[in-house]
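Shown next, in C-alpha coordinates, is the structure this report addresses.
The values are calculated or read from the model by the stated rules, or taken from the named source; none is laboratory data. Everything numeric here is computed off the predicted structure, so don't read it as measured data. Ideal geometry is used to build each Cβ from the backbone, glycine not excepted, and the neighbour counts take in all protein chains shown. When the accessible area is computed, the model is the full protein with side chains, heavy atoms only, and any ligands, DNA or RNA have been set aside. Shrake-Rupley method; radii C 1.70, N 1.55, O 1.52, S 1.80 Å.
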Amino acid sequence: MAGGGVIGVGGGDSRKPYPGNLTPYVTITCIVAAMGGLIFGYDIGISVLTGGVTTMTPFLQKFFRKVWEKKEADKSTNQYCQYDSQTLTMFTSSLYLAALLSSLVASTVTRRLGRKLSMLFGGLLFFAGALINGFAKAVWMLIVGRMLLGFGVGFANQSVPLYLSEMAPYKYRGALNIGFQLSITVGILIANVLNYFFAKIKGGWGWRLSLGGAMVPALIITVGSLVLPDTPNSMIERGQTEEARAKLKKIRGVDDVDEEFKDLVAASDASKLVDHPWANLLQRKYRPHLTMAILIPFFQQLTGINVIMFYAPVLFNTIGFGDDASLMSAVITGIVNVGATLVSIYGVDKWGRRFLFLEGGVQMLICQAVVAACIGAKFGVSGNPGDLPKWYAIAVVLFICIYVAGFAWSWGPLGWLVPSEIFPLEIRSAAQSVNVSVNMIFTFAVAQVFLSMLCHLKFGLFLFFAFFVVVMSIFVYYFLPETKGIPIEEMNQVWRSHWYWSRFVEEADYSNGGMEMSKGNHVPKNV
(Lines give C-alpha, C1' and ligand atoms only; values in the text may rest on other atoms or scores of the structure.)
Protein backbone atom coordinates (compact mmCIF):
# COMPACT_ATOMS: atom_id res chain seq x y z
CA MET A 1 0.00 0.00 0.00
CA ALA A 2 1.47 3.33 -1.05
CA GLY A 3 1.15 5.72 1.81
CA GLY A 4 0.25 8.70 -0.35
CA GLY A 5 -1.97 7.03 -2.89
CA VAL A 6 -0.41 9.04 -5.71
CA ILE A 7 -1.56 9.37 -9.30
CA GLY A 8 0.38 7.72 -12.05
CA VAL A 9 4.11 7.32 -12.18
CA GLY A 10 5.68 9.66 -9.66
CA GLY A 11 2.34 11.23 -8.81
CA GLY A 12 2.70 14.01 -11.34
CA ASP A 13 0.82 12.93 -14.50
CA SER A 14 -2.44 14.71 -15.17
CA ARG A 15 -5.22 13.12 -17.17
CA LYS A 16 -5.87 16.52 -18.77
CA PRO A 17 -2.57 18.15 -19.73
CA TYR A 18 -3.93 21.58 -20.63
CA PRO A 19 -1.91 23.48 -23.26
CA GLY A 20 -0.09 26.53 -21.99
CA ASN A 21 3.26 28.15 -21.40
CA LEU A 22 4.93 30.04 -18.60
CA THR A 23 4.54 33.43 -20.26
CA PRO A 24 6.34 36.60 -19.15
CA TYR A 25 2.90 38.10 -18.54
CA VAL A 26 1.83 35.49 -15.99
CA THR A 27 5.32 35.38 -14.44
CA ILE A 28 5.34 39.12 -13.75
CA THR A 29 1.74 38.97 -12.58
CA CYS A 30 2.49 36.25 -10.06
CA ILE A 31 5.64 38.02 -8.83
CA VAL A 32 3.66 41.20 -8.16
CA ALA A 33 0.85 39.27 -6.45
CA ALA A 34 3.28 37.25 -4.35
CA MET A 35 4.59 40.49 -2.86
CA GLY A 36 1.45 40.40 -0.75
CA GLY A 37 3.52 38.20 1.56
CA LEU A 38 5.76 41.18 2.37
CA ILE A 39 3.22 42.64 4.79
CA PHE A 40 3.02 39.43 6.81
CA GLY A 41 6.79 38.96 6.82
CA TYR A 42 7.54 42.57 7.69
CA ASP A 43 5.13 42.47 10.64
CA ILE A 44 6.73 39.27 11.94
CA GLY A 45 10.11 40.97 11.69
CA ILE A 46 9.18 44.18 13.49
CA SER A 47 7.27 42.47 16.31
CA VAL A 48 9.50 39.46 17.06
CA LEU A 49 10.28 39.34 20.78
CA THR A 50 14.03 38.83 20.43
CA GLY A 51 14.86 41.55 17.95
CA GLY A 52 11.83 43.68 17.19
CA VAL A 53 10.52 46.95 18.56
CA THR A 54 9.59 45.23 21.84
CA THR A 55 13.30 45.03 22.65
CA MET A 56 13.87 48.74 22.04
CA THR A 57 14.23 50.55 25.38
CA PRO A 58 12.49 53.82 24.31
CA PHE A 59 9.49 51.83 23.06
CA LEU A 60 9.21 49.88 26.32
CA GLN A 61 9.66 53.02 28.43
CA LYS A 62 6.85 54.80 26.59
CA PHE A 63 4.24 52.06 26.32
CA PHE A 64 5.25 49.22 28.65
CA ARG A 65 7.00 50.96 31.53
CA LYS A 66 6.40 48.18 34.05
CA VAL A 67 7.83 45.60 31.68
CA TRP A 68 10.94 47.74 31.21
CA GLU A 69 11.36 48.23 34.96
CA LYS A 70 11.02 44.49 35.53
CA LYS A 71 13.57 43.80 32.82
CA GLU A 72 16.04 46.30 34.33
CA ALA A 73 15.56 44.89 37.83
CA ASP A 74 15.98 41.27 36.69
CA LYS A 75 19.70 40.57 36.47
CA SER A 76 19.15 36.82 36.24
CA THR A 77 21.30 34.86 33.83
CA ASN A 78 18.48 32.36 33.24
CA GLN A 79 18.21 32.32 29.45
CA TYR A 80 14.98 30.30 29.64
CA CYS A 81 12.87 32.90 31.48
CA GLN A 82 14.36 36.34 30.82
CA TYR A 83 11.81 37.20 28.09
CA ASP A 84 8.76 35.73 29.85
CA SER A 85 6.24 38.61 29.68
CA GLN A 86 2.58 38.02 28.92
CA THR A 87 2.07 41.75 28.33
CA LEU A 88 4.51 41.85 25.45
CA THR A 89 3.37 38.55 23.99
CA MET A 90 -0.24 39.78 24.02
CA PHE A 91 0.81 42.92 22.15
CA THR A 92 2.61 40.79 19.59
CA SER A 93 0.06 38.02 19.20
CA SER A 94 -3.08 40.21 19.20
CA LEU A 95 -2.55 40.75 15.48
CA TYR A 96 -3.26 37.09 14.79
CA LEU A 97 -6.68 37.24 16.45
CA ALA A 98 -7.59 40.16 14.19
CA ALA A 99 -6.29 38.23 11.18
CA LEU A 100 -8.46 35.30 12.24
CA LEU A 101 -11.60 37.44 12.32
CA SER A 102 -10.89 39.21 9.04
CA SER A 103 -10.15 35.96 7.19
CA LEU A 104 -13.75 34.90 7.80
CA VAL A 105 -15.04 38.11 6.21
CA ALA A 106 -12.43 37.88 3.46
CA SER A 107 -13.92 34.56 2.36
CA THR A 108 -17.13 36.25 1.24
CA VAL A 109 -15.29 39.19 -0.34
CA THR A 110 -12.92 36.89 -2.22
CA ARG A 111 -15.73 34.75 -3.57
CA ARG A 112 -18.24 37.44 -4.53
CA LEU A 113 -16.05 40.40 -5.44
CA GLY A 114 -12.86 38.70 -6.61
CA ARG A 115 -9.34 38.01 -5.39
CA LYS A 116 -8.07 41.44 -6.45
CA LEU A 117 -10.49 43.39 -4.27
CA SER A 118 -9.67 41.24 -1.26
CA MET A 119 -5.97 41.99 -1.81
CA LEU A 120 -6.79 45.70 -2.10
CA PHE A 121 -8.66 45.68 1.22
CA GLY A 122 -5.71 43.90 2.81
CA GLY A 123 -3.26 46.53 1.60
CA LEU A 124 -5.41 49.48 2.67
CA LEU A 125 -6.11 48.07 6.14
CA PHE A 126 -2.44 47.26 6.70
CA PHE A 127 -1.45 50.75 5.55
CA ALA A 128 -3.89 52.34 8.01
CA GLY A 129 -2.58 50.19 10.85
CA ALA A 130 1.04 51.04 10.06
CA LEU A 131 0.21 54.75 9.91
CA ILE A 132 -1.50 54.71 13.32
CA ASN A 133 1.31 52.70 14.92
CA GLY A 134 3.99 54.98 13.49
CA PHE A 135 2.34 58.03 15.09
CA ALA A 136 1.13 56.26 18.25
CA LYS A 137 0.99 58.40 21.39
CA ALA A 138 -0.78 55.94 23.68
CA VAL A 139 -1.21 52.20 24.10
CA TRP A 140 -4.75 52.29 22.71
CA MET A 141 -3.36 53.61 19.40
CA LEU A 142 -0.93 50.69 19.30
CA ILE A 143 -3.77 48.24 19.87
CA VAL A 144 -5.99 49.82 17.19
CA GLY A 145 -3.06 49.81 14.80
CA ARG A 146 -2.28 46.16 15.55
CA MET A 147 -5.91 45.22 14.92
CA LEU A 148 -5.90 46.97 11.53
CA LEU A 149 -2.59 45.28 10.66
CA GLY A 150 -4.20 41.96 11.55
CA PHE A 151 -7.22 42.67 9.38
CA GLY A 152 -4.88 43.42 6.49
CA VAL A 153 -2.90 40.21 7.01
CA GLY A 154 -6.12 38.19 7.12
CA PHE A 155 -7.31 39.54 3.77
CA ALA A 156 -3.91 39.13 2.11
CA ASN A 157 -3.30 35.60 3.39
CA GLN A 158 -6.79 34.64 2.25
CA SER A 159 -6.55 35.98 -1.29
CA VAL A 160 -2.91 35.90 -2.44
CA PRO A 161 -2.29 32.10 -2.29
CA LEU A 162 -5.61 31.48 -4.08
CA TYR A 163 -4.77 34.07 -6.72
CA LEU A 164 -1.39 32.48 -7.40
CA SER A 165 -2.74 28.93 -7.59
CA GLU A 166 -5.48 29.96 -10.02
CA MET A 167 -3.29 32.15 -12.22
CA ALA A 168 -0.30 29.81 -12.59
CA PRO A 169 -0.08 27.06 -15.25
CA TYR A 170 -0.52 23.75 -13.44
CA LYS A 171 3.02 22.57 -14.27
CA TYR A 172 4.52 25.63 -12.54
CA ARG A 173 1.88 26.23 -9.88
CA GLY A 174 4.09 25.16 -6.99
CA ALA A 175 7.01 27.40 -7.89
CA LEU A 176 4.87 30.49 -8.53
CA ASN A 177 2.77 29.96 -5.40
CA ILE A 178 5.83 29.66 -3.18
CA GLY A 179 6.70 33.18 -4.26
CA PHE A 180 4.27 34.16 -1.48
CA GLN A 181 6.41 32.42 1.14
CA LEU A 182 9.55 33.90 -0.43
CA SER A 183 8.08 37.37 0.07
CA ILE A 184 7.34 36.53 3.70
CA THR A 185 10.96 35.53 4.31
CA VAL A 186 12.28 38.61 2.51
CA GLY A 187 9.94 40.79 4.58
CA ILE A 188 11.23 39.25 7.81
CA LEU A 189 14.86 39.78 6.79
CA ILE A 190 14.32 43.41 5.74
CA ALA A 191 12.43 44.22 8.94
CA ASN A 192 15.09 42.70 11.17
CA VAL A 193 17.91 44.60 9.48
CA LEU A 194 15.94 47.86 9.65
CA ASN A 195 15.15 47.26 13.33
CA TYR A 196 18.83 47.07 14.12
CA PHE A 197 19.71 50.36 12.44
CA PHE A 198 16.58 52.20 13.58
CA ALA A 199 17.32 51.21 17.19
CA LYS A 200 20.61 53.14 16.96
CA ILE A 201 18.95 56.43 16.01
CA LYS A 202 19.66 59.11 18.62
CA GLY A 203 16.58 60.41 20.41
CA GLY A 204 14.97 57.01 20.77
CA TRP A 205 12.33 57.45 18.07
CA GLY A 206 13.61 54.76 15.74
CA TRP A 207 10.77 52.45 16.74
CA ARG A 208 8.39 54.80 14.93
CA LEU A 209 10.27 54.16 11.68
CA SER A 210 10.12 50.40 12.27
CA LEU A 211 6.36 50.44 12.83
CA GLY A 212 5.59 53.11 10.23
CA GLY A 213 7.82 51.45 7.67
CA ALA A 214 5.11 48.82 7.25
CA MET A 215 3.36 51.37 5.03
CA VAL A 216 5.84 50.55 2.24
CA PRO A 217 4.88 46.85 1.76
CA ALA A 218 1.26 47.91 2.28
CA LEU A 219 1.55 50.31 -0.66
CA ILE A 220 3.13 47.59 -2.79
CA ILE A 221 0.20 45.21 -2.39
CA THR A 222 -2.33 48.07 -2.68
CA VAL A 223 -0.93 49.37 -5.96
CA GLY A 224 -0.31 45.83 -7.16
CA SER A 225 -3.94 44.85 -6.61
CA LEU A 226 -5.05 47.80 -8.77
CA VAL A 227 -2.88 46.85 -11.76
CA LEU A 228 -3.14 43.05 -11.58
CA PRO A 229 -5.62 41.20 -13.81
CA ASP A 230 -8.27 39.08 -12.14
CA THR A 231 -8.05 35.30 -12.44
CA PRO A 232 -10.20 33.57 -15.08
CA ASN A 233 -11.70 31.44 -12.28
CA SER A 234 -12.86 34.54 -10.43
CA MET A 235 -14.15 36.24 -13.60
CA ILE A 236 -16.22 33.20 -14.57
CA GLU A 237 -17.51 32.95 -11.02
CA ARG A 238 -18.84 36.51 -11.34
CA GLY A 239 -20.43 35.99 -14.78
CA GLN A 240 -17.69 37.53 -16.98
CA THR A 241 -17.45 34.46 -19.21
CA GLU A 242 -16.17 35.88 -22.49
CA GLU A 243 -13.71 38.19 -20.76
CA ALA A 244 -12.44 35.17 -18.85
CA ARG A 245 -11.82 33.21 -22.08
CA ALA A 246 -9.79 36.07 -23.52
CA LYS A 247 -7.86 36.44 -20.28
CA LEU A 248 -7.13 32.69 -20.16
CA LYS A 249 -5.68 32.82 -23.70
CA LYS A 250 -3.44 35.71 -22.69
CA ILE A 251 -2.07 34.17 -19.51
CA ARG A 252 -1.54 30.73 -21.08
CA GLY A 253 0.03 32.16 -24.25
CA VAL A 254 -1.98 29.85 -26.56
CA ASP A 255 -5.32 29.97 -28.36
CA ASP A 256 -6.24 26.36 -27.58
CA VAL A 257 -7.75 26.83 -24.11
CA ASP A 258 -11.10 25.17 -24.81
CA GLU A 259 -10.52 22.15 -22.55
CA GLU A 260 -9.38 24.18 -19.55
CA PHE A 261 -12.01 26.86 -20.12
CA LYS A 262 -14.75 24.23 -20.26
CA ASP A 263 -13.61 22.78 -16.96
CA LEU A 264 -13.48 26.21 -15.35
CA VAL A 265 -17.03 26.96 -16.47
CA ALA A 266 -18.22 23.57 -15.25
CA ALA A 267 -16.60 24.19 -11.88
CA SER A 268 -18.21 27.63 -11.69
CA ASP A 269 -21.65 26.21 -12.56
CA ALA A 270 -21.24 23.68 -9.79
CA SER A 271 -20.18 26.35 -7.30
CA LYS A 272 -23.27 28.42 -8.04
CA LEU A 273 -25.42 25.54 -6.86
CA VAL A 274 -23.88 25.88 -3.42
CA ASP A 275 -25.72 28.48 -1.34
CA HIS A 276 -23.81 27.93 1.88
CA PRO A 277 -20.16 26.99 1.22
CA TRP A 278 -19.38 26.99 4.96
CA ALA A 279 -22.04 24.39 5.65
CA ASN A 280 -21.01 22.56 2.49
CA LEU A 281 -17.55 22.03 3.96
CA LEU A 282 -19.05 19.61 6.46
CA GLN A 283 -20.31 17.25 3.77
CA ARG A 284 -18.73 13.81 3.70
CA LYS A 285 -17.25 14.30 0.21
CA TYR A 286 -15.23 17.28 1.47
CA ARG A 287 -13.80 15.42 4.46
CA PRO A 288 -10.26 15.21 3.01
CA HIS A 289 -10.26 18.90 2.06
CA LEU A 290 -11.44 20.01 5.50
CA THR A 291 -8.92 17.73 7.20
CA MET A 292 -6.03 19.26 5.23
CA ALA A 293 -7.34 22.80 5.79
CA ILE A 294 -7.15 22.19 9.54
CA LEU A 295 -4.16 19.90 10.07
CA ILE A 296 -1.62 21.40 7.66
CA PRO A 297 -1.63 24.89 9.26
CA PHE A 298 -1.88 23.27 12.71
CA PHE A 299 1.26 21.23 12.10
CA GLN A 300 3.04 24.16 10.43
CA GLN A 301 2.85 26.15 13.66
CA LEU A 302 4.04 23.19 15.75
CA THR A 303 7.24 22.52 13.83
CA GLY A 304 9.19 24.37 16.54
CA ILE A 305 10.44 27.18 14.29
CA ASN A 306 9.73 29.70 17.08
CA VAL A 307 11.90 28.04 19.72
CA ILE A 308 14.73 27.52 17.25
CA MET A 309 14.72 31.13 16.08
CA PHE A 310 14.47 32.37 19.68
CA TYR A 311 17.78 30.79 20.68
CA ALA A 312 19.73 32.08 17.69
CA PRO A 313 20.59 35.53 19.22
CA VAL A 314 21.77 33.91 22.46
CA LEU A 315 24.13 31.59 20.61
CA PHE A 316 25.38 34.28 18.25
CA ASN A 317 26.19 36.39 21.30
CA THR A 318 28.18 33.47 22.69
CA ILE A 319 30.18 33.18 19.48
CA GLY A 320 31.44 36.69 20.07
CA PHE A 321 29.22 39.10 18.15
CA GLY A 322 28.26 40.89 21.39
CA ASP A 323 25.71 43.65 20.87
CA ASP A 324 25.42 42.71 17.21
CA ALA A 325 24.13 39.23 18.07
CA SER A 326 20.50 39.97 17.20
CA LEU A 327 21.45 41.52 13.86
CA MET A 328 23.80 38.70 12.90
CA SER A 329 21.22 36.15 13.97
CA ALA A 330 18.55 37.85 11.87
CA VAL A 331 20.79 38.29 8.85
CA ILE A 332 22.31 34.81 8.80
CA THR A 333 19.13 32.86 9.57
CA GLY A 334 17.24 35.25 7.29
CA ILE A 335 19.57 34.58 4.38
CA VAL A 336 19.29 30.83 5.02
CA ASN A 337 15.50 31.22 5.10
CA VAL A 338 15.38 33.08 1.78
CA GLY A 339 17.92 30.78 0.10
CA ALA A 340 16.13 27.60 1.16
CA THR A 341 12.82 29.02 -0.06
CA LEU A 342 14.45 29.48 -3.48
CA VAL A 343 15.40 25.79 -3.35
CA SER A 344 11.74 24.97 -2.76
CA ILE A 345 10.71 27.14 -5.72
CA TYR A 346 13.16 25.23 -7.91
CA GLY A 347 12.23 21.76 -6.73
CA VAL A 348 8.58 21.73 -5.71
CA ASP A 349 7.32 20.97 -9.23
CA LYS A 350 10.23 18.60 -9.93
CA TRP A 351 10.44 16.57 -6.73
CA GLY A 352 6.88 16.94 -5.52
CA ARG A 353 5.19 18.20 -2.38
CA ARG A 354 5.38 14.93 -0.45
CA PHE A 355 9.13 14.56 -0.94
CA LEU A 356 9.81 18.05 0.41
CA PHE A 357 7.40 17.58 3.32
CA LEU A 358 9.03 14.30 4.37
CA GLU A 359 12.64 15.32 3.75
CA GLY A 360 12.10 18.56 5.64
CA GLY A 361 10.49 16.68 8.53
CA VAL A 362 13.44 14.31 8.90
CA GLN A 363 15.91 17.20 8.66
CA MET A 364 14.09 19.25 11.31
CA LEU A 365 13.75 16.25 13.63
CA ILE A 366 17.47 15.47 13.58
CA CYS A 367 18.40 19.11 14.16
CA GLN A 368 15.92 19.49 17.04
CA ALA A 369 17.32 16.42 18.76
CA VAL A 370 20.91 17.66 18.39
CA VAL A 371 20.11 21.22 19.53
CA ALA A 372 18.07 19.92 22.50
CA ALA A 373 20.99 17.76 23.59
CA CYS A 374 23.49 20.61 23.19
CA ILE A 375 21.35 23.20 24.96
CA GLY A 376 20.44 20.74 27.70
CA ALA A 377 24.08 19.82 28.27
CA LYS A 378 25.31 23.40 28.60
CA PHE A 379 22.28 25.40 29.78
CA GLY A 380 21.02 22.60 32.06
CA VAL A 381 17.91 23.37 34.09
CA SER A 382 19.26 26.64 35.50
CA GLY A 383 19.41 28.35 32.11
CA ASN A 384 22.90 29.70 32.79
CA PRO A 385 25.30 28.49 30.09
CA GLY A 386 28.39 29.96 31.72
CA ASP A 387 31.31 30.21 29.35
CA LEU A 388 30.57 28.24 26.20
CA PRO A 389 33.42 27.27 23.91
CA LYS A 390 33.05 29.06 20.59
CA TRP A 391 33.33 25.83 18.62
CA TYR A 392 30.41 24.47 20.64
CA ALA A 393 28.18 27.44 19.89
CA ILE A 394 29.22 27.41 16.23
CA ALA A 395 28.20 23.75 15.96
CA VAL A 396 24.79 24.50 17.50
CA VAL A 397 24.26 27.51 15.23
CA LEU A 398 25.12 25.32 12.24
CA PHE A 399 22.38 22.86 13.19
CA ILE A 400 19.99 25.76 13.73
CA CYS A 401 20.68 26.97 10.19
CA ILE A 402 20.18 23.44 8.83
CA TYR A 403 16.88 23.30 10.71
CA VAL A 404 15.77 26.68 9.31
CA ALA A 405 16.64 25.46 5.81
CA GLY A 406 14.57 22.31 6.32
CA PHE A 407 11.56 24.36 7.43
CA ALA A 408 12.02 26.95 4.67
CA TRP A 409 11.86 24.45 1.82
CA SER A 410 9.15 22.26 3.29
CA TRP A 411 6.57 23.17 5.92
CA GLY A 412 7.10 26.91 5.53
CA PRO A 413 6.02 27.36 1.89
CA LEU A 414 4.06 24.12 1.47
CA GLY A 415 1.85 25.03 4.40
CA TRP A 416 0.44 27.76 2.17
CA LEU A 417 0.77 26.08 -1.22
CA VAL A 418 -0.97 22.74 -0.69
CA PRO A 419 -4.18 24.04 0.93
CA SER A 420 -4.58 26.72 -1.75
CA GLU A 421 -4.47 24.19 -4.61
CA ILE A 422 -6.59 21.29 -3.34
CA PHE A 423 -10.01 22.90 -2.85
CA PRO A 424 -12.75 22.71 -5.52
CA LEU A 425 -14.14 26.08 -6.55
CA GLU A 426 -17.46 25.80 -4.71
CA ILE A 427 -15.72 25.64 -1.32
CA ARG A 428 -12.41 27.28 -2.22
CA SER A 429 -12.86 30.63 -0.47
CA ALA A 430 -14.48 29.11 2.63
CA ALA A 431 -11.86 26.37 2.91
CA GLN A 432 -9.02 28.87 2.49
CA SER A 433 -10.56 30.89 5.32
CA VAL A 434 -10.47 27.80 7.51
CA ASN A 435 -6.83 27.33 6.55
CA VAL A 436 -5.92 30.94 7.39
CA SER A 437 -8.03 30.90 10.57
CA VAL A 438 -6.41 27.75 11.93
CA ASN A 439 -2.99 29.16 11.05
CA MET A 440 -3.75 32.40 12.90
CA ILE A 441 -5.27 30.61 15.91
CA PHE A 442 -2.19 28.49 16.48
CA THR A 443 0.23 31.29 15.58
CA PHE A 444 -1.50 33.29 18.33
CA ALA A 445 -1.47 30.36 20.76
CA VAL A 446 2.19 29.50 20.20
CA ALA A 447 3.23 33.16 20.41
CA GLN A 448 1.23 33.63 23.61
CA VAL A 449 2.38 30.55 25.53
CA PHE A 450 5.75 29.84 23.94
CA LEU A 451 7.90 31.91 26.32
CA SER A 452 6.10 30.55 29.39
CA MET A 453 6.54 27.01 28.08
CA LEU A 454 10.22 27.72 27.49
CA CYS A 455 10.58 28.98 31.06
CA HIS A 456 8.99 25.81 32.49
CA LEU A 457 9.96 23.06 30.03
CA LYS A 458 13.43 24.51 29.40
CA PHE A 459 15.39 22.54 26.78
CA GLY A 460 12.60 19.94 26.86
CA LEU A 461 10.58 22.31 24.67
CA PHE A 462 12.76 21.27 21.73
CA LEU A 463 11.65 17.68 22.30
CA PHE A 464 8.01 18.79 22.65
CA PHE A 465 8.06 20.21 19.12
CA ALA A 466 10.17 17.29 17.84
CA PHE A 467 7.31 14.97 18.82
CA PHE A 468 4.94 16.93 16.57
CA VAL A 469 7.43 16.80 13.71
CA VAL A 470 7.27 12.99 13.94
CA VAL A 471 3.46 13.03 14.01
CA MET A 472 3.15 15.42 11.06
CA SER A 473 5.62 13.42 8.98
CA ILE A 474 3.65 10.23 9.58
CA PHE A 475 0.46 12.10 8.64
CA VAL A 476 1.97 13.29 5.36
CA TYR A 477 3.31 9.83 4.50
CA TYR A 478 -0.04 8.11 4.88
CA PHE A 479 -2.69 10.74 4.20
CA LEU A 480 -1.40 13.52 1.92
CA PRO A 481 -1.53 12.63 -1.80
CA GLU A 482 0.89 14.11 -4.30
CA THR A 483 -0.60 17.15 -6.07
CA LYS A 484 2.19 18.26 -8.40
CA GLY A 485 1.29 18.44 -12.07
CA ILE A 486 -2.48 18.18 -11.46
CA PRO A 487 -4.62 21.03 -12.88
CA ILE A 488 -6.40 22.79 -10.06
CA GLU A 489 -9.88 21.98 -11.41
CA GLU A 490 -8.94 18.31 -11.83
CA MET A 491 -7.61 17.92 -8.30
CA ASN A 492 -10.45 15.61 -7.26
CA GLN A 493 -8.72 12.69 -8.97
CA VAL A 494 -5.99 12.61 -6.30
CA TRP A 495 -8.62 11.97 -3.63
CA ARG A 496 -10.52 9.40 -5.71
CA SER A 497 -7.35 7.34 -6.17
CA HIS A 498 -6.09 7.62 -2.58
CA TRP A 499 -6.12 4.46 -0.43
CA TYR A 500 -8.01 6.17 2.41
CA TRP A 501 -9.77 9.31 1.14
CA SER A 502 -11.42 7.50 -1.80
CA ARG A 503 -14.04 6.09 0.56
CA PHE A 504 -15.29 9.62 1.22
CA VAL A 505 -15.26 11.09 -2.29
CA GLU A 506 -16.23 8.09 -4.41
CA GLU A 507 -19.82 8.30 -3.23
CA ALA A 508 -20.02 11.89 -4.52
CA ASP A 509 -18.38 10.84 -7.80
CA TYR A 510 -17.64 14.35 -8.99
CA SER A 511 -14.98 16.22 -10.90
CA ASN A 512 -14.47 19.82 -12.04
CA GLY A 513 -15.38 21.02 -8.59
CA GLY A 514 -18.77 19.42 -8.07
CA MET A 515 -20.08 18.22 -11.45
CA GLU A 516 -21.14 14.62 -11.93
CA MET A 517 -18.51 12.43 -13.51
CA SER A 518 -19.34 9.73 -15.97
CA LYS A 519 -18.46 6.21 -14.96
CA GLY A 520 -16.16 5.92 -17.91
CA ASN A 521 -13.91 8.61 -16.48
CA HIS A 522 -13.20 6.90 -13.20
CA VAL A 523 -9.58 7.06 -12.18
CA PRO A 524 -8.48 3.66 -10.89
CA LYS A 525 -7.38 3.57 -7.27
CA ASN A 526 -3.72 3.22 -6.52
CA VAL A 527 -3.62 1.25 -3.28
For the stretch 95-140, state what percent of all Cα-Cα pairs lands in each successive 5 Å bin, counting from 0 Å until the bin that includes the largest distance. 5, 20, 23, 22, 15, 8, 5, 2
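Give me the percent of accessible area attributable to carbon and sulfur for the stretch 341-458, probe 1.4 angstrom.
Summing carbon and sulfur atoms, their accessible area is 75 percent of the total for the stretch 341-458.
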Please list 134-143, 30-39, 342-351 highest first by mean number of surrounding beta-carbon atoms within 10 Å per residue. 30-39, 342-351, 134-143
With every protein chain kept in place and a 1.4 Å probe, the stretch 455-510 has an accessible area per residue in Å² of 34
Share of Cα-Cα pairs in the stretch 394-437 lying beyond 18 Å, as whole percent: 46
Value of relative contact order over the stretch 147-251, rounded to a whole percent, pairs C-alpha under 8 Å and six or more apart: 20
Under 5 Å between amide H atoms, partner at least 5 residues away or on a different chain: which partners does Gln240 have, H built in plane at 1.01 Å? none
Leaving out ligands and nucleic acids, and using a 1.4 Å probe, what accessible area per residue does the stretch 384-448 come to in Å²? 24
Got a number for the accessible area of Glu242? Probe 1.4 Å, square angstrom, nearest 10. 120
Non-local amide H neighbours of Trp409 (under 5 Å, H modeled in plane, Pro and chain starts lacking H): which ones? none
With a 1.4 Å probe and all protein chains left in place, how much of the accessible area of the stretch 167-315 comes from carbon and sulfur atoms, in whole percent? 63
Rounded to one decimal in nm, the spacing of the 7 Å Cα→Cβ label points at Trp68 and Asp256 is 6.9
In whole Hz, the Karplus estimates of ³J(HN,Hα) for the stretch 279-287 (6.51, -1.76, 1.60; θ = phi - 60°; x where Gly or Pro) are 5, 4, 4, 7, 5, 4, 5, 9, 4
21 Å Cα-Cα threshold exceeded, pairs from Lys200/Lys390; Lys62/Lys200; Lys247/Lys285; Lys247/Lys350; Lys171/Lys350; Lys116/Lys262: Lys200/Lys390; Lys247/Lys285; Lys247/Lys350; Lys116/Lys262
